[in-house]
1. R0 = 51 Å: FRET efficiency of B:N144 with A:V107, Cβ-based, nearest 0.05?
2. Distance in nm between label sites at B:M24 and B:S82, each 7 Å beyond Cα in the beta-carbon direction?
3. Show me, for the stretch A:53-59, the HN-Hα J-couplings you get by feeding each phi into the Karplus relation (A = 6.51, B = -1.76, C = 1.60, θ = phi - 60°), rounded to Hz, glycine and proline as x.
4. In percent, how large is the relative contact order of chain A, given Cα pairs closer than 8 Å and 6 or more residues apart?
5. Each residue of the stretch B:122-129 in order: what ³J(HN,Hα) in whole Hz does its phi give by Karplus 6.51 cos²θ - 1.76 cosθ + 1.60, θ = phi - 60°, with x for Gly and Pro?
6. When you look at the Cβ of every residue in B:148-156, what mean number of other chain Cβ atoms sits within 10 Å?
7. Per DSSP H run of n ≥ 4, the term is -39500 (n - 2.57); total these for chain B, divide by its residue number, and report the mean residue ellipticity at 222 nm rounded to 500 deg cm²/dmol.
8. Determine, for each peptide in B:111-124, A:173-186, the mean count of other beta carbons within 10 angstrom over its residues, then list the peptides with the highest first.
Amino acid sequence: MSDYIPNDLLIEVLARLPVNSLIRFKSVCKSWYSLITSPIFINKQLNHSKTNTDEVLIRLHTATDKRNTIYCSMTTKNSVMSTRNWSSHLESNLDIILWNPSIRKSVTLPIPYKPQCPHMFVLGFGAHPTTHEHGWRGIGSYVPPRGIVEFMWSQVFMKGAVHWVANDPCVDVGYCNLVMLFDMGEETFYEMMLPLLTLAEQNPTSLSVKLFGESLAVLCRGQRDSGCCCIWVMKEYRVVESWTKLFNINLPGMFDRTSGFRKNGEVLLSTSNNCLFSFDARTKKIVNTGIRGSPHAFYVEPFIDTLLLGEKEDGPLQGASDFQERW
Amino acid sequence: MASAPENEKNASAPEKKTLTLKSMINNEEFVVDEHVALQSVTIKNMVDSDCAGDVIPVPTISGEILALVIEYCKNHANPSASEDDLKKADAGIVAKDIYTLIDLVLAANFLDIKGLLEVTSQKIADSIKDLPHQDVREIFGVENDYTPEEEAAVRAEHDWAFEGFP
């Protein structure tokens with residue numbers, strides 16, 4: 001591996017590198033190749049990446065056929081913002097594509113049950129707490145009848161579960177919204193109540209879930225073009241009493257919608273002329289990120305630089321897996 | 001209190017104990033307060049098991065590196081240092097060339113000082129992340145065991161990542 005430093009120390013250093021460097025350093029030698037493509041190392045790098053990044057992935061443009069989508073990521077280090085860009089040409093006909101922009105690799109998973117109408121199902125993405133396989137498996141879990149989740153609604157994966165805003169179809173007058181979650185490890189659905197009067201009775205299309213720091217947040221949008229948005233967080237996970245109104249955004253005439261949060265708590269807002277602004281609710285400072293997109297394309301999610309999907313059973317090297325045994 | 005018996009005096013204000021660390025590479029000696037030196041788990045284990053004499057020999061670590069390690073331990077043994085101060089001080093300690101950093105990470109590993117190991121590993125990663133892989137080979141003393149064909153095939157897996165690199 002190295003004449004100068006022992007393997008465990010080398011791993012300690014390499015696991016702190018960005019993916020871009022790691023895929024180049026596979027060319028250093030054969031044992032570095034098998035290290036960098038080994039699941040144990042990929043996991044270790046992921047854990048470092050998770051805690052150290054404030055990167056977000058932003059969708060900028062969507063073509064009408066939805067196959068050519070432009071993304072960028074944004075991160076800030078020592079007050080300097082940097083971005084990188086991708087254009088994805090993902091061919092899909094009702095299949096699911098797992099795409100890792102860091103290594104520019106995608107895996108297609110054909111949908112096991114194709115619904116007759118494309119908008120009649122909801123997908124929730126997450127990771128099983130112990131296995132790291134991707135694919136399909138039928139589960140016999142009980143689905144709570146109260147939780148109707150619409151196709152285009154947002155989702156958040158945290159604490160090993162996928163979360164959606166759901167709505168109870170049995171209510172005759174008005175609405176009754178709740179948060180539905182699916183625990184990946186337990187393979188069970190749960191419901192969480194939303195605060196009455198404020199969130200539970202809003203039109204569900206005005207609500208969305210987002211991750212705010214380590215907490216689950218629900219955004220409640222005011223009327224279109226009103227520039228208003230109200231942000232609630234569940235301070236203590238799965239404790240319904242801990243729903244707290246965090247702040248209101250009230251910037252009429254300028255802001256179209258709240259797209260997401262950055263790790264530092266700033267809010268990313270898109271404007272009616274398709275610019276993306278970063279807003280600090282405490283200082284009320286608004287900064288133009290310089291990122292531009294097309295109408296209604298902005299979509300912000302946390303981004304983690306990872307080698308996942310890059311595992312190698314057999315590389316272009318004959319018997320590369322032999323080297324793996326050293327690890 | 002001057003007339004207090006010796007043992008009582010020790011209990012209320014224990015005498016500051018020091019340890020002497022000696023680099024076995026260039027025989028340089030450093031006298032440090034015990035609580036500073038005990039941030040090294042390796043030294044702590046020696047002291048706890050009564051294996052430490054008056055002078056603790058430190059093999060394979062030069063005086064120059066040992067001085068950096070002691071500086072780190074002193075900073076982190078100071079209870080009044082703020083997190084910000086420590087961050088700045090750490091950044092100063094690791095503002096070194098790559099070969100010094102490798103010696104420092106080896107020392108942190110040998111002496112088992114977790115914080116120093118982490119901050120030095122991160123600095124090494126930051127220093128090499130934009131280097132061509134050929135330079136990285138040299139820095140870590142790694143022999144290229146690829147045939148030219150194999151190397152080309154590995155590179156072809158992610159050709160785009162090599163844009164702007166030799």
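The values are calculated or read from the model by the stated rules, or taken from the named source; none is laboratory data. Given the structure is predicted, the values throughout are model-derived calculations rather than measurements. We place every Cβ from the backbone using ideal geometry, glycine too, and count neighbours over all the protein chains shown. For accessibility, only protein heavy atoms count, side chains too; no ligands or nucleic acids. Shrake-Rupley method; radii C 1.70, N 1.55, O 1.52, S 1.80 Å.
1. E(calc), rounded to 0.05, equals 0.95.
2. 4.3
3. 9, 10, 6, 10, 9, 10, 7
4. Relative contact order of chain A: 17 percent.
5. 4, 5, 4, 4, 4, 6, 9, 4
6. On the way: counts 0, 1, 8, 4, 2, 3, 11, 5, 1.
That average works out to 4.
7. Counting only the DSSP helices, I get -16500 deg cm²/dmol.
8. Final packing ranking: B:111-124, A:173-186.
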